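J.: Before anything else, here's the structure in question.
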Amino acid sequence: MKNEIIVLPHDHQWNQARLAWNLAADQQPAAVALPETAEDVIAVVRWARQRGLRVAPQGTGHNALPLGSLAHTVLLKTERMRGVAIDAAQQRARVEAGVLWEEVTEAAAEHGLAALAGSSPDVGVVGYSLGGGISWLARRHGLAANNITAVELVNAEGELVRADADQNADLFWALRGGGGSFGVVTALEFKLFPLPEVYAGVLFFPLARGAEVLHAWRRWVDDVPEEITSVGRFLQFPPIPDIPEPLRGGSFVVVEATSLLGKEETDELLRPLRELGPEMDTFRPTPVRELKHLHMDPEHPVPGFGDGMLLSDFDDAAIDSLVRVAGAGSGSPLLSVEVRHLGGALARKSPGAGALATIDGKFAMFAVGIAPTPEMGAAVKAHVEIVQAVLGRWDSGRTYLNFAEKRQRGERLFGEQTYRRLQAVKAAVDPDDVFRSNHPVYLPAAGEAKKAA
């Protein structure tokens, strides 16, 4: 194996190599591996096993905090594996493990195609997809995980295998929504959609109008077709140069939405929200490659804490509870508290779906704040928990993996029956528990494995 692939604690590049995108994660592994090819990944896995070390694959580290201690673990970072290939005729993409969503959306847009990309442009394709993947097109086209057509993966034996509908079918099922516990993904293949443009934008209102706007948005989503995916959100922008001048230091309640319908039809649907008189209205025909900016997420590493939950509903009482702890005058230190409208294709199980067939909740909430100091980190964490507590009455009983930044029980992430099957797959493909992920599938007891199989 090439020496430059492995970085050890005494090497001068150690502190840079071990960084996660979320700078609040202080990753201290036994070694960091920086492979460039699938063959490099094979060599790393074999090298780790020979030394009795475990392996934790990582694309970007947006959701690195749940990993916990990395003692006796090789942090295998795939950031150098950046190949993207678009098959325009078949409307498919093949991407290597370190590819970011903005790289795919740009490449696909050259052919008038769209991917089920994350709302943050620098989120990694693999981690997002293995955890489910709720895109701006999700209510029409479902989870990114269930649009994967093949996975290339290095297994616990240090062998490169392919999983698709025809080969390694149980592994293929587990990887689509079951997380990163089953091996090191080196490449994904997935569907693209003929969609060069959408109608999308944001309505900005003063934060003091939070209750009024969220109540109106909640009534509005009951009547919109699944071609529209939207978010109701509180935003408190810090007064820093990275933020554009009209928004810098401002506090807003916003409605963000993407529509696959035409301008005329969408404008008619938007009328009740526009009649509220937004301060800014950015809706316009939007090339799909520009959707990466719609959610206004940071586009470079930052330290932060956040967590989410799935809601069975977001009714008037839930809205009023959220406004009380995160709206104007609440003293909330949170940068963002968002509620995403789910349903549509996200609630329908498609034939041949993976481990996460549907999302069990009508809405998904995610709250997050920036934490440049330990004191601010503690305040943000405490307030995220306050938000979750006041919305506890509407907890669906399940948690969406990609919005879970604290460890969750497998049954809560996947449901009991699905989790037992995931455990059986884990026992079959990684019986020595070589691979670690931020939300692990734990090896079952012998009796449980037999039952799940």
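J.: Under the condition of being open to solvent by 10 Å² or more (accessible area, probe 1.4 Å) and among the hydroxyl-bearing types (Ser, Thr, Tyr), which residue from the range 57-86 is farthest from residue 187 (Cα to Cα)?
T.: 69
J.: Which residue out of 36, 79, 102 is farther than 14 Å from residue 19 by Cα, outside any helix (DSSP H, G or I) and among the acidic types (Asp, Glu)?
T.: The unique qualifying residue is 36.
J.: What are the residue pairs meeting all of these: first residue in the range 42-56, first residue farther than 17 Å from residue 186 by Cβ, second residue surrounded by fewer than 19 Cβ atoms within 10 Å (Cβ to Cβ) and among the aromatic types (Phe, Trp, Tyr), Cβ atoms under 9 Å, and 6 or more apart or on different chains?
T.: 53/47
J.: Please specify each residue of the range 173-189 satisfying the condition of being surrounded by fewer than 23 Cβ atoms within 10 Å (Cβ to Cβ) and under 23 Å from residue 85 (Cα atoms).
T.: Across the range 173-189, the qualifying residues are 187, 189.
J.: Further question on the same structure: List the number of the failed condition for residue 153; all other conditions in (1) among the aliphatic types (A, V, I, L, M); (2) touching an Asp or Glu at 6+ places or on another chain (Cβ under 7 Å); (3) surrounded by 24 or more Cβ atoms within 10 Å (Cβ to Cβ) hold.
T.: Every listed condition holds for residue 153 apart from (2).
J.: Every residue in the range 339-372 that is assigned to a strand (DSSP E or B) and open to solvent by 10 Å² or more (accessible area, probe 1.4 Å), please.
T.: Matches in the range 339-372: 340, 341, 366, 368, 370.
J.: Continuing with this model, one more query. If a residue counts only when it is under 23 Å from the mean Cα position of the chain (by Cα) and at pLDDT 95 or above, which strands (runs of 3 or more DSSP E) contained entirely in the range 225-323 have at least 3 such residues?
T.: 228-236, 251-259, 304-311
J.: Now for a separate question. Taking the range 327-338 on its own, how many of its residues are open to solvent by less than 30 Å² (accessible area, probe 1.4 Å) and touching a helix residue (DSSP H, G or I) at 6+ places or on another chain (Cβ under 6 Å)?
T.: Result for the range 327-338: 4.
J.: With the structure loaded, tell me whether residue 110 is at pLDDT 95 or above, surrounded by fewer than 24 Cβ atoms within 10 Å (Cβ to Cβ) and in contact with a helix residue (DSSP H, G or I) (Cβ under 7 Å, 6 or more places away or on another chain) or whether it fails that test. Full working, then the answer.
T.: On the way: at pLDDT 95 or above: yes; surrounded by fewer than 24 Cβ atoms within 10 Å (Cβ to Cβ): yes; in contact with a helix residue (DSSP H, G or I) (Cβ under 7 Å, 6 or more places away or on another chain): no.
Here the answer is no, as residue 110 does not meet what is asked.
J.: A follow-up question, please. With 145, 150, 211, 117 as the choices, which residue is in contact (Cβ under 8 Å) with a residue 24 or more places away in the chain and touching a Phe, Trp or Tyr at 6+ places or on another chain (Cβ under 7 Å)? Let's see the steps before the verdict.
T.: Details: 145 fails: touching a Phe, Trp or Tyr at 6+ places or on another chain (Cβ under 7 Å); 150 fails: touching a Phe, Trp or Tyr at 6+ places or on another chain (Cβ under 7 Å); 211 fails: touching a Phe, Trp or Tyr at 6+ places or on another chain (Cβ under 7 Å).
None of the other options fit; the residue is 117.
The values are calculated or read from the model by the stated rules, or taken from the named source; none is laboratory data. Keep in mind that what you see is a predicted model, and the values were worked out from it rather than measured. Here the Cβ is made from the backbone with ideal geometry for all residues, glycine too, and neighbour counts use every protein chain on show. What goes into the accessible areas is simple: the full protein's heavy atoms, side chains included, and nothing from ligands, DNA or RNA. Shrake-Rupley method; radii C 1.70, N 1.55, O 1.52, S 1.80 Å.
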